[in-house]
Ligand code: GLN
């Protein structure tokens, strides 16, 4: 059942919260030993006990899974890193506070690539998560635990974070819905920073309606986050149902259907265009020639910001400390033991890109490219309402298959450009390639969530019919 259907059943007293929790935990017992979506789970008995206290709230006590880079007071927040193993934050992330205020409960903390750096959830210090559709394959990343939990039926919905694609790509690889809001729409307070100018909190859900429902709860201005947009809360489920998409013009960028895309994937893209046309939308080919520069720009900007953000894990303030004679020795030993290979790679890359003499050549240039990419989208949105394409170039790959970092990075070619531009985007199930889920991505202009969700909702129905 979807989150919305579960809520309806609770409201009509066909189900009690205890039944829902029991059935989720039954699923967890069956699937979790193989999937490993969670780093830590709440006590189901404790969740059941709050039935009465929360029954008058909109979410009626339903458990929601939370990616383990969002702070929670109930359970430790590790970011999938040894450096934060067992760390208990003193406050909840704003998105968690809002969920709780709406009557949700924290179901558990989901696995992720260490500090959200990765596309497969293989870079977690606490072991890999597996794809529920095929356990030899990765669930994508970095919100792989959240995506796998929802896809396996272990969770009704989950929060994830998307810096360069970490909500959309795992949603695509696991065959569910993944929504990245406009940068600034959802507070980053309590999101452990990876790349602050790109980080967003997003939703992984079984349906577009569920994603819209959760967004309605977590979005809104938060004075604790200086980049939070001063916008009032909004009900994104309100205008989902429109009979057609006649008012919409959808752009399909040539660069999002590159020659390397498999024939099966191309076939799906054709099917999506046809479905959109049948819904009354106009589909036109467009071009976003700067697409190929998004990957290098993203890895320079995000790694530069990461190198600064991760300086705080010094053995003094948080988590792990490995003793040493001198303070510098203690710090070096702590960071050597606390961080995994990928995180170290990013810190080194970022530090290098920011160093005197290279700053302009690398970081400065990447920032300028980022501006050009944002402008390219702005120009495209003068002509079209939404942009369509695949979420990721391939379906889920095998564990261990992408040992070379660059081949892993390429998994995000279609999600990075919109992330650099701070745009909202969604991935919905788009059919199958090689018997595995393949995601359809829609990208909207800044603050275009309503239009985005309305089109995604109509397409979801058309493609599953
Ligand atoms: N896969 C991308 C990276 O490794 C994006 C990660 C993210 O969005 N958190 O940086």
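Just a few scattered comments:
- In segment 132-146, the qualifying residues are those that are within 16 Å of the ligand (Cβ to nearest atom) and farther than 10 Å from residue 111 by Cα, and the one that is surrounded by the most Cβ atoms within 10 Å (Cβ to Cβ) is 140.
- Residue among 406, 436 that alone is surrounded by fewer than 20 Cβ atoms within 10 Å (Cβ to Cβ), within 16 Å of the ligand (Cβ to nearest atom) and farther than 27 Å from residue 186 by Cα: 406
- Only residues that are surrounded by 13 or more Cβ atoms within 10 Å (Cβ to Cβ) and in a loop (DSSP other than H, G, I, E, B) were counted across segment 236-252, and they come to 7.
- Test result for residue 244, at pLDDT below 95 and touching a helix residue (DSSP H, G or I) at 6+ places or on another chain (Cβ under 8 Å): yes
- Selected residue [touching a strand residue (DSSP E or B) at 6+ places or on another chain (Cβ under 8 Å), under 30 Å from residue 287 (Cβ atoms) and more than 16 Å from the ligand (Cβ to nearest atom)] from 156, 248: 248
- Residues of segment 88-113 that turn out to be free of Cβ contacts under 8 Å to residues at least 12 places away in the same chain and either touching a strand residue (DSSP E or B) at 6+ places or on another chain (Cβ under 6 Å) or not in a helix (DSSP H, G or I) (or both), as a count: 0
- In segment 114-136, the residues that are part of a loop (DSSP other than H, G, I, E, B) and out of contact with any helix residue (DSSP H, G or I) (no Cβ under 7 Å at 6 or more places or on another chain): 122, 126, 127, 128, 136
- Residue check for residue 327: without any contact (Cβ under 8 Å) to a residue 24 or more places away in the chain, more than 25 Å from the chain's Cα centre (by Cα) and crowded, with 17+ Cβ neighbours inside 10 Å: no
Here is a yes/no grid of residues against (1) farther than 30 Å from residue 257 by Cβ; (2) under 24 Å from the mean Cα position of the chain (by Cα):
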residue	(1), (2)
344	yes, yes
347	yes, yes
365	no, no
370	no, yes
379	no, no
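- Residue 149 vs. criteria away from the ligand (no atom under 16 Å from the Cβ), more than 21 Å from residue 276 (Cα to Cα) and either without any contact (Cβ under 8 Å) to a residue 12 or more places away in the chain or buried (at least 24 other Cβ atoms within 10 Å of the Cβ) (or both): yes
- Test for residue 377: is it assigned to a helix (DSSP H, G or I), more than 19 Å from residue 246 (Cα to Cα) and more than 16 Å from the ligand (Cβ to nearest atom): yes
- Candidates 305, 329, filtered to the one that is in a helix (DSSP H, G or I) and either at pLDDT below 95 or under 16 Å from residue 164 (Cα atoms) (or both): 305
- From 81, 55, residue being touching a residue at least 12 places away in the same chain (Cβ under 8 Å), surrounded by fewer than 19 Cβ atoms within 10 Å (Cβ to Cβ) and touching a helix residue (DSSP H, G or I) at 6+ places or on another chain (Cβ under 8 Å): 55
- Test result for residue 283, assigned to a helix (DSSP H, G or I) and in contact with a strand residue (DSSP E or B) (Cβ under 6 Å, 6 or more places away or on another chain): no
- For segment 255-272, the set of residues classified as in a helix (DSSP H, G or I) and crowded, with 17+ Cβ neighbours inside 10 Å consists of 255, 256, 265, 268, 269, 272, listed by residue number.
- Single residue of 276, 288 found to be part of a loop (DSSP other than H, G, I, E, B), touching a strand residue (DSSP E or B) at 6+ places or on another chain (Cβ under 6 Å) and away from the ligand (no atom under 16 Å from the Cβ): 288
Quick grid of which residues meet (1) out of contact with any strand residue (DSSP E or B) (no Cβ under 7 Å at 6 or more places or on another chain); (2) more than 30 Å from residue 35 (Cα to Cα); (3) in a helix (DSSP H, G or I):
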residue	(1), (2), (3)
324	yes, yes, no
345	yes, no, yes
350	yes, yes, yes
357	yes, yes, no
364	yes, yes, yes
381	yes, yes, yes
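The rows are residues; the columns are (1) in contact (Cβ under 8 Å) with a residue 12 or more places away in the chain; (2) within 15 Å of the ligand (Cβ to nearest atom).
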site	(1), (2)
349	yes, yes
355	no, no
388	yes, no
393	yes, yes
402	yes, yes
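- Matching residues, segment 161-190, being within 20 Å of residue 6 (Cβ to Cβ) and within 16 Å of the ligand (Cβ to nearest atom): 171, 174, 178, 179
The values are calculated or read from the model by the stated rules, or taken from the named source; none is laboratory data. All of these numbers come straight from a predicted model, not from anything done at the bench. Backbone-built Cβ (ideal geometry, glycine too); neighbour counts: all protein chains shown.
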